[in-house]
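K.L.:
Take this structure first; my questions come after.
The values are calculated or read from the model by the stated rules, or taken from the named source; none is laboratory data. Predicted, not measured: the structure shown is a model, and the values here were computed from it. So basically every Cβ, Gly included, is an ideal-geometry build from the backbone, and we count neighbours across all protein chains shown. Side chains included, ligands, DNA and RNA excluded: accessible areas come from the protein's heavy atoms. Shrake-Rupley method; radii C 1.70, N 1.55, O 1.52, S 1.80 Å.
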Amino acid sequence: MSMPCPTRHRSGFFHGLLQRRPVKVSLGLLLAACTGLAAAAGERGPSRTASLPEDDGGGARVIVKYRSSGRVSALSAGMASAASTASADSTGTADVQRAASMSSRLGLKLGDGPAVGPRHQVLTASGMSSSALAARLSADSEVEYAVPSLRRRAHGLIPSDPRYSGASSQSPAAGQWYLRAPDSTFISAVNAPAAWARTTGSASVVVAVLDTGVRADHPDLAGKLLPGYDFVSRTLYSVDGDGRDGDPSDPGDWTTEVENNTVGGPFYGCGELDDETLRYYAAPSSWHGTQTSGIVAAATNNNIGIAGLGRNVRVLPVRVLGKCFGYDDDILAGIRWAAGIAVAGAPINPNPASVINLSLGSRGDCANEYNFIAYREAINEVLAKGVTVVVSAGNDSLAVNAPASCPGVVAVAGIRHVGTKIGYSSLGNQVTLSAPGGNCVNTFGECLYPITSSSNTGLTTPVSAGYTSGGGDAAVGTSFAAPQVSATAALMLSANPTLSPAQVQNLLKSTARSFPTTGADTDEKSSTNAACLPPSAIEQGKECYCTQTTCGAGMLDAGAAVTAAASGRLVANIVDELSLIALNDSRGFDALQSSPGTGYTLTGRTWSLTSGASFATLGAGSGSSTTLTAKGDATVLLQLTVTDSSGASASSTAVVSTGSGGDNSVVSDDGGDSSGGGGGGGGGAFNTAELALLGLALLGAAVGSRRGSRGRGD
């Protein structure tokens, strides 16, 4: 039996990272990763979806259009039923059902399929191909045309990113299972393709990721990051040597074994505890913010790495967590700044977020404990500005952490691939809904179903861009469930910008799919095989069946949520042939997935370049499709505006990389230090009150212990 790779360890205060099982320490849950990033499977060439066979095994299926006479000839008229001669419905459209008549004429046994138009229907037959049946029908004098009804994929909705679909040569082999349409294996998958069929998101919608910062040099984040800010004010924890400034880059957040075992020191306990020696291991850099950012908005359909659920939406990186943890004041400042609220010492944010993602927290009841009044106040301020706040529930198997327990936020618990609660996930009646958090299933060997995302290979300082795998760096935790909900909310707002935070939350809840009541592991060591209980002082670290009082309204259904948000509305939707265009190459973009308001028809489609026009040449300025030709290395914004017969208009903007792609300018224009409100250089032992309130646990879990085991319920 294969053994997991040697692990590296860290502790902290964000909700999930590189963790296969939670380990209790004084400051939070622990995470670990291999001492080297697992060798990535070779990147494939341009990924193309497999060709579909003509028939699906269910027999011939042909679309038939009858001639304008609207009736079959006298030879078969006597056999036509009243239904087949058509009775008009309330719209005056005839119900075309002529299988009996055509069966007599052709000597075939045909079945009536659905109507397709006023003189169209589907005819079916067994024992022959669709092409053969179409040929027979086309020869009939009463038939204007007959063509096979083939299966089609929407262009660009199944992305070319090699890690989206997965492969046996990749790690994990399941790829981004959590984004795909749910099936009998991946019951909790969120059905991103159905959401993308309504909107692929708009660059005008911004998701603020408040986290450890971001690695802007990651190729899957090219063009997807807006200028952010670093609110980590204490130099002892900032790692970058300064306080608050305009550079939200993640310098790494590693801690050494000496630091982690110095009693009374600022980093005591920031690593996984060795149960035998009772010493804490060294903790590698987590690159947590880069991972959450990739889940939200990695460049999609670019033949590189992973797909981002939000596709064309953009990320505003706000660094609020430093080495091992972050402080409340920095986080609260980051929350306000992200929403466009003025923060002393920092420039006004020119790109206010529509959604804020907080994959962080610590134990506490934000709704009722006085110590969280500052969080309640800040969250109420941003909610009043129309910003949706999404927070991970926590990874301690107990009650929902804070700030996920704050009123008005969307609190997200973690579920396994089969839809049951992951052992580590926090739970309770403050959870809004649940989403996949990543789980391993097996006790030894590779983690089967982690959440794959963008990362970095450095153990301390950054080295090179990479992706988390199913090896020692496997990423699991509610930290990675929350950004799936944030990205879904961003897609909803791309389709319907008028939604309030309360409406977003209500639609997420009303469209969530029901939790399963079967399928849990029967091994009592890892699963209760029973319903989850309300949270108490006793950890519920085993798999259990979610209920609406423990895991929220149900399982995230991105497709249903976005469809509900777009219902009845005029929506502009850009589908790209490829979002990365080589120099002097051209790629197509179409508006065919756009939809008019209820009762209206689309009357106009116009295309324009709102940024980067000197680096790309636009083809048609109007019509259902256009092309872009790359003329330089840049990030280009392509806007589609559609109008319908009501006179209304709607726009959407796609992010396109041309040539080698544009630089990710995440540093704000001021670029300098700003110490306002941040406090000094820190140092010394933790302040007890700050730890109780803030100890923002990178609530992640270890990929495996030094002895190479992990809990199967994770």
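K.L.:
Could you list the residues of segment 439-477 with an amide nitrogen less than 14 Å from a label point located 7 Å from the Cα of SER169 in the Cα-to-C-beta direction?
P.N.:
none
K.L.:
Taking the Cα atoms of segment 567-611, what is the range of coordinates along each of the three principal axes, in descending order and whole Å?
P.N.:
43, 17, 15
K.L.:
Could you tell me, in Å, what Rg and Dmax come out for the Cα atoms of segment 314-382?
P.N.:
12.3, 35
K.L.:
For segment 389-542, just the Cα atoms, rotate onto the principal axes and tell me the three extents in Å, largest first.
P.N.:
The Cα atoms of segment 389-542 stretch 48, 44, 27 Å along the principal axes, largest first.
K.L.:
Which value, in Å to one decimal place, does the Kirkwood hydrodynamic radius take for segment 379-430 when every pair of different Cα atoms is included?
P.N.:
It works out to 11.5 Å.
K.L.:
What relative contact order, as a whole-number percentage, does segment 455-587 give when Cα pairs under 8 Å and 6 or more residues apart are counted?
P.N.:
Relative contact order for segment 455-587 comes out at 24 percent.
K.L.:
Full-extension gain between SER126 and ALA537, please, as 0.36 nm times their residue separation minus the C-alpha to C-alpha distance.
P.N.:
141.7 nm
K.L.:
Turning to a different aspect of this structure: Per residue, how much accessible area does segment 360-412 have with a 1.4 Å probe, in Å²? Write out the running numbers ahead of the final one.
P.N.:
On the way: 1650 Å² over 53 residues.
About 31 Å² of surface per residue is accessible.
K.L.:
Still on this structure: So which trypsin sites (Lys or Arg not before Pro) in segment 461-565 are both in a DSSP loop and have at most 12 other Cβ atoms within 10 Å of their Cβ?
P.N.:
Answer by residue number: LYS525.
K.L.:
Working out 0.36 nm times the residue gap between ASP523 and LEU618, then minus their Cα-Cα distance, what length gain in nm do you get to one decimal?
P.N.:
Answer, rounded to one decimal: 28.3 nm.
K.L.:
Something else: Could you give the spread of the C-alpha atoms of segment 447-499 along their three principal axes, from largest to smallest, in whole angstroms?
P.N.:
The Cα atoms of segment 447-499 stretch 43, 25, 13 Å along the principal axes, largest first.
K.L.:
Between TYR370 and ASN442, what is the label-point separation in nm under the 7 Å Cα-to-beta-carbon projection?
P.N.:
Between ASN442 and TYR370, the label points sit 5.4 nm apart.
K.L.:
Same structure, new question: Sorted from largest to smallest, which semi-axis lengths in Å does the alpha carbon gyration tensor of segment 354-440 give for its equivalent ellipsoid, taking the root of 5 times each eigenvalue?
P.N.:
Semi-axes (√(5λ), whole Å): 23, 14, 9.
K.L.:
Let me ask something else. Give the relative contact order (percent, whole number) for segment 307-436; include only Cα pairs under 8 Å separated by 6+ residues.
P.N.:
On the way: 235 pairs, mean separation 24.0, N = 130.
About 18 percent, as a whole number.
K.L.:
Describe numerically, in nm with one decimal, the distance between label points set 7 Å from Cα along Cα→Cβ at SER464 and at ASP274.
P.N.:
3.1
K.L.:
Roughly how many percent of the accessible protein surface of segment 162-278 is carbon and sulfur, given a 1.4 Å probe and a whole-percent answer? Provide the component values of the computation, followed by the final result.
P.N.:
Numbers: 1840 of 3350 Å².
So the carbon and sulfur contribution to the accessible surface is 55 percent.
K.L.:
Something else: Report, to one decimal in Å, the Kirkwood hydrodynamic radius for segment 204-284 based on all distinct Cα pairs. Walk me through the numbers before you get to the answer.
P.N.:
On the way: mean 1/r = 0.0678 Å⁻¹.
Over segment 204-284, the inverse of the mean reciprocal pair distance is 14.8 Å.
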